[in-house]
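The values are calculated or read from the model by the stated rules, or taken from the named source; none is laboratory data. All figures in this text were calculated on a predicted structure; none of them were measured in a lab. Here the Cβ positions follow ideal geometry from the backbone for every residue, glycine too, while neighbour counts run over all protein chains shown. Side chains are part of the model used for accessible areas, which takes the heavy atoms of the whole protein and leaves out ligands, DNA and RNA. Shrake-Rupley method; radii C 1.70, N 1.55, O 1.52, S 1.80 Å.
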Amino acid sequence: MSSWRENSGVDNLAFNNDEQVNGELKGKSDETCGSSCVETLGGNKPTYCVTDVPPWYLCVFLAIQHCLTAFGGIIAIPLILSEGLCLQHDSLTQSLLINNIFVVSGLCTLLQVTFGVRLPILQGGTFTLVTPAMAMLSSPDWQCPAWTQNSSLVNTSSPVFVEVWQTRLRTLQGSIMVASVLQIVVGFSGLIGFLMRFIGPLTIAPTVSLIGLSLYDSAGEKAGSHWGISAMTTGLIILFSQYLRLVPIPVPAYSKTKKLHTKRFFMFQTMPILLGIAVSWLVCHLLTIYDVLPSDPAQYGHLARTDVKGNVVGKASWLTFPYPGQWGVPTVNMAAVFGILAGIIVSMAESVGDYYACARLSGAPPPPKHAISRGIGIEGLGSLLAGAFGTGNGTTSFSENVAALGITKVGSRTVILGSGVFMILTGMLGKIGAIFTTVPTPVIGGMFLIMFGVITAAGISNLQFTDMNSSRNIFVFGFSIFSALVIPNWIMKNPDALQTGVTELDQVLRILWTTHMFVGGFIGFFLDNTIPGTKRERGLLTWNKVPNEDSGDAMVSEEEVYDLPFGITSRLQSQSWIRFIPFCPWRGHRSKDDDTKREGQITQV
C-alpha cells in the first residue's frame, strides 16, 4: 500500500487543543509539548520527533490509531485473494488469512523500526503483489474447479476441498519467498541506489495506476451484489474523509494544569474507511434482523445480509498462533516468481519515497544510504516471512500511516513499535479475523470503489514530477497505460495464443503478459529509458532529489536515528572492514567540519 507517496504532507492535528481558523489549525505559542521537539507557530515541526517517547497513554492511543488507519488495506488483501484461492465460501479460512497478515505485519514493523531504516514507518501487505498473484491464480492451470463456486457443493472440512486451496496457497507462498530474495539482495547489497537511477515517474505512474485499474472487475462484482448498500458505503466514506475531515469531536481529557477538560479529536479524518464500513455494516444488520433483505440466495441483495457467512465467529477460536509452514511445505512456480518480481521492484521504489517523507515529518535528517539499504533489505525479509507464514502476500511501507504522522504531529518510533505489538496481539485473537469476514459483500465492494480509485489516482499523481506539456511524456504514459489494458485482455481471451512448445516458458509468458502492472511498467520503463529526453523533462531531477541536509528540518542527529541499536554501531566502528558493508553505518567518510556543522544545526533547533 505504498502508493500514497506524496500524501504525507498533511498539516492538521488529529488530537489537540489548538484553535482552528478558516479550516487551518493555529498552534498556541504558550503551550509546551513536553518534548525536545518544539512546535513552532504555523510550522510543520512535530510535537514529538523520532527519538522522543510520549506519555504512555498517548503512545497507546496513537498506536491503536495507526492500526485502525491500516485496517482497511490489510483486510482487503486476503478478501481479494480468497476468490483466486477458491475460498469465497470458506469464511473460517479467510479469517485465518486475516489473522496471519496481522501477525506478520506486526513482526515486520518491529523489525523495520528496530533494525531496518529505524524510522516510524508501519509495515503491512502490499497491493503490488495482489495483481501478479491474481494473474497466476486466474491462469488456465490454476482456475478453481466449477464445484467450488457453488456454496451448496462446498464442504469446507473435506480433504478434497482443503487440498484445492492449500495447493494454490503453497505455490503462492513459495513463489513469494523466492521473489523476496531479490529484494533482500538489492537491499543489503546497496544496489537499490543504482536501480533508482533508471526507475522514474514514467515507470511508477502507469505501474501503480494499473494496480487499481486491473481490479475493477473484483470491485464491480462485489458492489453489484447490492448497489444501494455499496453506494451508501462509498457515500459515507466520502462524507467522512472529504466533507467532515476537519470537524472535531470533543472528547474528555485530564491534565495536571487544566484538570478535567475536553480535547478536539478529528475522528473523521483519522479513520473514515473504518467508520464507513461500521455504519453500513450496522445498517445491513438491522435490515437482516427485520427481514428487509431477501433470505433466498437466488434473489438479488441476499449477499447484503449479515448472516450469510453463518456462525463463523462462533466457530473461530479465541486464540490462534500462526507459524511458518502451517499450510504445508511451500512449492515454487517460476512463472509466478517473475510476475511477483515486477511487483517487488515497484514496491522498493515507492518505499524509498516513503522513507524520505517519513524522515521529514518525524524531525529526522534524510535517511543515509546505509539506512535505506537496511530498510529495503528488511522489507525483503518481511516478504520472506509473509510467504513462510502463508499470508499469500508480502510486506511494504504503509504510506497512509506516513501521512498520519503529519496529521498527529507525533513522529515517535516508540508509537510505531506499539502499533507492531498491537497488530501481533490482534492477529492472535482468532475472533477478530472472523468478525471481519462477516462484513457483507456490497459493503466490501463500496470500500473497494474508494480504495482502488485512490490507488489509481495516486499512481497518476507521480506525473507531477514530469513535464506533461511534453509530447514525449504524453506518448510514453498513454501508450503504457492503454497497452497494459489491451494486451492482457486479449491474451486472457485467447489463452492458446502463447505457445512456444516449452510448457514452463508458456506459463511464464502467460502470467507476465496477463499482469497489467508488469506490462505497463515494462513498456513505461523501456520507452522512458530509450526515447531521448532531458532529466528535467522526464522528472528525474525532482524524483531523485535528496532533501537538503542543511535545511534545518532535522531535530536530531543522523547517528541518533539511523545507527544500529543496542550499541552495535559503536562495537563495529573499530573494525576497518565495516566500510565495505553497504548496510552498516560508517563514520570514517565524514569530515570533522561536517560533524561540527551538524552539531551547530541541531543546537540552533
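Beyond 22 Å, the tail of the calculated P(r) for the stretch 231-355 holds 70 percent of the Cα pairs. Summing charges over all other residues whose Cβ lies under 15 Å from the Cβ of Phe477, with Lys and Arg as +1 and Asp and Glu as -1, gives -1.
The share of accessible area on the chain that comes from carbon and sulfur is 63 percent, using a 1.4 angstrom probe. Extent along the principal axes, Cα only, for the stretch 313-390: 48, 36, 20 Å, with the longest axis given first. Spherically averaged projected area of the convex hull of Cα atoms, the stretch 318-469: 12.7 nm². With 23 Å as the limit, the listed pairs Lys263/Lys431; Lys45/Lys259; Lys409/Lys431; Lys45/Lys263 have Lys263/Lys431; Lys45/Lys259; Lys409/Lys431 beyond it between alpha carbons. Taking every Cα-Cα distance in the stretch 46-100 and sorting them into 5 Å bins starting at zero, the pair-distance distribution P(r) comes out as 4, 16, 19, 15, 10, 10, 10, 7, 7, 2 percent. Here the relative contact order of the chain, from alpha carbon pairs under 8 Å that lie six or more residues apart, stands at 30 percent. Placing +1 on the Cβ of every Lys and Arg and -1 on the Cβ of every Asp and Glu, with no other charges, gives the stretch 74-218 a dipole of roughly 480 debye about its Cα centre.
Under 5 Å between amide H atoms, partner at least 5 residues away or on a different chain: which partners does Asn333 have, H built in plane at 1.01 Å? For Asn333, the qualifying residues are Ser175. Sorted into 10 angstrom bins from 0, the C-alpha pair distances of the stretch 451-490 split as 25, 48, 25, 2 percent. If you model the stretch 72-205 as an ellipsoid using its alpha carbon gyration tensor, with each semi-axis the square root of five times an eigenvalue, the axes come out at 33, 18, 13 Å, biggest first.
Computed from label points 7 Å out along Cα-Cβ, the spacing between Glu221 and Ile581 is 4.8 nm.
Can you work out D for the stretch 381-451 in µm² s⁻¹ from Stokes-Einstein, where Rh is the Kirkwood radius over C-alpha pairs, the temperature is 4 °C and the viscosity is 1.567 mPa s? Walk me through the numbers on the way to the answer.
Values: Rh = 14.8 Å.
Approximately 87 µm²/s, per Stokes-Einstein.
Find out how many positive minus negative residues lie around Glu537, taking Lys and Arg as positive, Asp and Glu as negative, among other residues whose Cβ is under 12 Å from that of Glu537.
Details: positive: Arg472, Lys535, Arg536, Arg538; negative: Asp467, Asp528.
The answer is +2.
Every Cα-Cα pair of the stretch 259-320 was included, and the share exceeding 17 Å stands at 61 percent. Globularity index of the stretch 127-232 is 1.46 (Cα radius of gyration / 2.2 N^0.38 Å, N = number of residues). In this structure the chain gives 42 Å² per residue of accessible area when probed at 1.4 Å with all protein chains present. Shown here: the chain, whose C-alpha atoms stretch 72, 63, 50 Å along the first, second and third principal axes, sorted largest to smallest. Highest-first packing order for the peptide set 168-175, 343-350, 253-260, 271-278 is 343-350, 168-175, 271-278, 253-260, based on the mean count of other beta carbon atoms within 10 Å. In angstrom, the C-alpha Rg and Dmax of the stretch 199-295 are 19.7, 57.
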